[in-house]
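Accompanying notes for the structure given below.
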Amino acid sequence: MTAKPNTPLLDQVKLPADLRSIEDKDLPQLARELRDEMIDAVSVTGGHLGAGLGVVELTIAIHKVFETPHDRLIFDVGHQCYPHKILTGRRDRIRTLRQEDGLSGFTKRAESEYDPFGAAHSSTSISAGLGMAVAADLSGTPRNVIAVIGDGALSAGMAYEALNNAGALDARLIVILNDNDMSIAPPTGAMSAYLARLASGRTYMGFREFGKKLTAYLGKNIDRAITRAVEHARGYVTGGTMFEEMGFYHIGPIDGHSFDHLLPVLRNVRDNAQGPVLIHVVTQKGKGYPPAEAAADKYHGVNKFDVITGAQAKAKPNAPSYTSVFAEALVQEARHDDKIVGITAAMPSGTGLDKLQDVFPERTFDVGIAEQHAVTFAAGLAAEGYKPFCALYSTFLQRGYDQVVHDVAIQGLPVRFPIDRAGFVGADGPTHAGSFDTSFLANLPGFVVMAAADEAELKHMVRTAAAYDAGPISFRYPRGEGVGVQMPERGEILEIGKGRIMKEGTKVALLSFGTRLADCLLAAEDLDAAGLSTTVADARFAKPLDHDLIRRLAREHALLITVEEGAIGGFGSQVAHFLINEGLLDEGLKLRSLVLPDVWMDQAKPETMYAKAGLDAKGIVSTVFKAFPGLSQEQLRVLGV
Ligand SMILES: Cc1ncc(C[n+]2csc(CCOP(=O)(O)OP(=O)(O)O)c2C)c(N)n1
């Protein structure tokens with residue numbers, strides 16, 4: 001296919017097979033169109049912009065050279081896959097990205113055969129790719145497997161476990177290191193410095209020597225194009241790098257925005273590589289969109305924005321975000337106690353630890369995408385008498401679970417776990433939902449597990465955690481803004497294991513753990529109006545449970561409902577277990593437990609997701625109504641059911 005003037009090439013590319021018939025010389029035009037399409041789409045949906053802009057040429061080059069989907073292309077994290085989605089049959093839905101019933105913001109197996117492996121958490125691509133490469137060998141299927149991994153993702157231990165294994169297995173795996181010298185924030189750590197050293201050319205060989213080595217390895221004459229690529233590239237590294245020591249053939253760095261560099265290298269590797277190959281590609285995050293290129297975060301994640309100016313839509317907040325309340329409270333406590341330190345795993349702004357960093361840079365540690373290390377690093381600090389706040393999103397804490405159990409909990413070390421993004425998170429969907437932390441922490445002996453019902457409670461919990469030195473302690477809070485309650489000057493130290501009654505009633509008891517409290521109070525108004533006098537309590541603690549409070553609620557009400565933004569096995573299960581063993585269910589108490597549904601819920605607005613899950617005020621009322629089948633017509637009318 002030849003580019004016709006004024007005819008968009010992108011319109012002719014429904015699938016990668018169409019792209020393969022476009023001449024190499026026309027690919028820069030396709031790249032321009034793809035970039036424009038992506039910018040326009042994300043300006044409508046919001047989402048991850050900078051990473052995708054940086055891999056436009058790389059994505060085109062891979063689909064041009066390799067036979068996807070037969071050849072497997074795996075994007076690490078998957079947040080950079082929007083250009084890939086546009087080129088693989090999903091252009092017509094690209095403006096539904098991250099919306100309810102729309103395309104996922106990450107790669108997803110169920111969505112397309114061009115997504116052979118789903119992602120969203122980082123640093124999994126080399127392992128998955130190695131599994132696929134070995135499967136191809138075992139089944140005798142000739143196939144290329146390509147894993148594209150960012151320099152940020154290369155800070156996680158899992159990536160090294162995979163490199164180590166791949167080198168030993170000598171599998172035919174192609175790893176493309178997409179080095180844009182950015183994580184969400186600038187990357188930290190020795191590895192990023194090492195990559196920068198490689199890219200700066202200090203250890204490069206001359207291109208002639210590189211040519212000789214590549215020819216010897218690939219066994220073919222290097223054509224003129226690659227020689228040109230070599231000349232234009234900032235250099236090639238062919239010996240003694242860490243990757244080579246691990247058994248990879250290491251090519252690069254090459255310019256990831258130049259088809260002259262990308263195509264010949266990819267073709268040579270495709271045609272001749274035997275064992276594992278690592279191609280170091282240098283790209284620029286946000287490439288081709290000036291507002292992104294100029295932004296400190298390279299527009300990693302954006303709201304809807306104006307394409308001309310790059311200005312992002314900002315919702316007018318009614319209340320401060322939970323993240324900012326946490327961050328400010330932590331800074332306040334850190335001023336009072338110089339043993340307090342903060343740890344983030346590559347999410348300084350997402351967790352709010354950038355605020356602690358501003359005030360106490362020497363007491364703030366960004367360890368890179370390395371949640372497992374973050375937890376044990378915190379344990380080490382705690383063992384020496386420091387008060388570490390290891391601030392992670394609920395979903396990423398999952399990765400550090402053995403460290404939580406083995407390094408923190410068994411040793412009873414007082415690591416504080418602020419757990420952000422608890423419950424549904426909206427557009428990022430099931431991979432990012434904070435569903436399981438209460439379940440997997442409250443079953444650990446000696447752990448204190450709290451959930452904030454509102455932003456003032458969060459402030460109390462930061463203070464409580466700072467003051468509590470007897471063992472590990474966690475507190476969870478959701479994404480987004482608080483409910484606008486009056487804020488205390490400083491948090492209070494809560495009594496461990498004590499909840500609070502918000503409103504007294506006689507027939508129904510709603511026992512909330514977390515920010516569903518507001519919906520419980522709303523539901524109680526309706527229930528009261530229908531003559532079902534309702535008590536509302538805020539448990540504050542899933543561990544230790546407030547046994548006195550639960551006993552009282554059980555004895556003085558006909559129906560007890562626990563409500564939480566977590567999966568089955570969490571707070572409600574702890575309460576049920578207690579009630580069963582105390583014999584409190586033997587006397588006719590009705591017990592119901594409202595949790596996140598036992599399915600992977602796709603992205604939508606959090607309030608829509610909670611409504612679907614029956615966890616909003618209406619869902620709570622309807623649970624009560626179902627528990628009392630004999631309600632009068634008048635009561636049903638008042639309840640609106
Ligand atoms: C285990 C895990 N921790 C944290 C994150 C949040 N996160 C998403 S993208 C990203 C940065 C990735 O950097 P890099 O791999 O260099 O890709 P780039 O965005 O620069 O293309 C981070 C920290 C994640 N997805 N997974």
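The values are calculated or read from the model by the stated rules, or taken from the named source; none is laboratory data. These numbers were taken from a predicted model, which means no experiment stands behind them. Methodologically, a virtual Cβ is constructed for each residue, glycine included, from the backbone with ideal geometry; neighbour enumeration extends over all protein chains shown. The accessibility values were calculated without ligands, DNA or RNA, using every heavy atom of the protein model including side chains. Shrake-Rupley method; radii C 1.70, N 1.55, O 1.52, S 1.80 Å.
Taking into account only those residues within the stretch 40-60 that are hydrophobic (A, V, I, L, M, F, W, C) and more than 16 Å from the ligand (Cβ to nearest atom), which is farthest from residue 102 (Cα to Cα)? For the stretch 40-60, the residue satisfying everything is 60. The residue that is nearest to the ligand (Cβ to nearest atom), among those in the stretch 78-92 that are over 11 Å from residue 52 (Cβ atoms) and not polar (S, T, N, Q), is 87.
Residues being among the charged types (D, E, K, R) and in contact (Cβ under 8 Å) with a residue 24 or more places away in the chain: count how many of those fall in the stretch 311-334.
First pass over the stretch 311-334, keeping only residues among the charged types (D, E, K, R): 314, 316, 328, 333.
Now restrict to residues that are in contact (Cβ under 8 Å) with a residue 24 or more places away in the chain: 328, 333.
Total satisfying the criteria: 2.
What do you reckon, is residue 395 within 15 Å of the ligand (Cβ to nearest atom) and either among the hydroxyl-bearing types (Ser, Thr, Tyr) or open to solvent by 30 Å² or more (accessible area, probe 1.4 Å) (or both)? Answer is yes for this residue. Within the stretch 555-569, one or more residues are surrounded by fewer than 17 Cβ atoms within 10 Å (Cβ to Cβ), of a type outside the set (Gly, Ala, Ser) and farther than 25 Å from residue 479 by Cβ.
Taken over the stretch 373-388, residues that are closer than 16 Å to residue 418 by Cα and of a type in the set (Gly, Ala, Ser) amount to 4. Give me the residue from the stretch 335-361 that is more than 19 Å from residue 478 (Cβ to Cβ) and part of a strand (DSSP E or B) and, out of that set, farthest from the ligand (Cβ to nearest atom). Result: 340.
Among the residues of the stretch 599-617, the one identified as basic (Lys, Arg) and in contact (Cβ under 8 Å) with a residue 40 or more places away in the chain is 605. Restricting the stretch 285-308 to residues that are farther than 23 Å from residue 480 by Cβ and buried (at least 18 other Cβ atoms within 10 Å of the Cβ), the residue that is nearest to the ligand (Cβ to nearest atom) is 285.
Looking only at residues in the stretch 135-167 that are more than 22 Å from the chain's Cα centre (by Cα) and surrounded by fewer than 16 Cβ atoms within 10 Å (Cβ to Cβ), the one that is farthest from the ligand (Cβ to nearest atom) is 140. Applying the criterion of being in a loop (DSSP other than H, G, I, E, B) and among the polar types (S, T, N, Q) to the residues of the stretch 61-115, the residue that is most open to solvent (accessible area, probe 1.4 Å) is 99.
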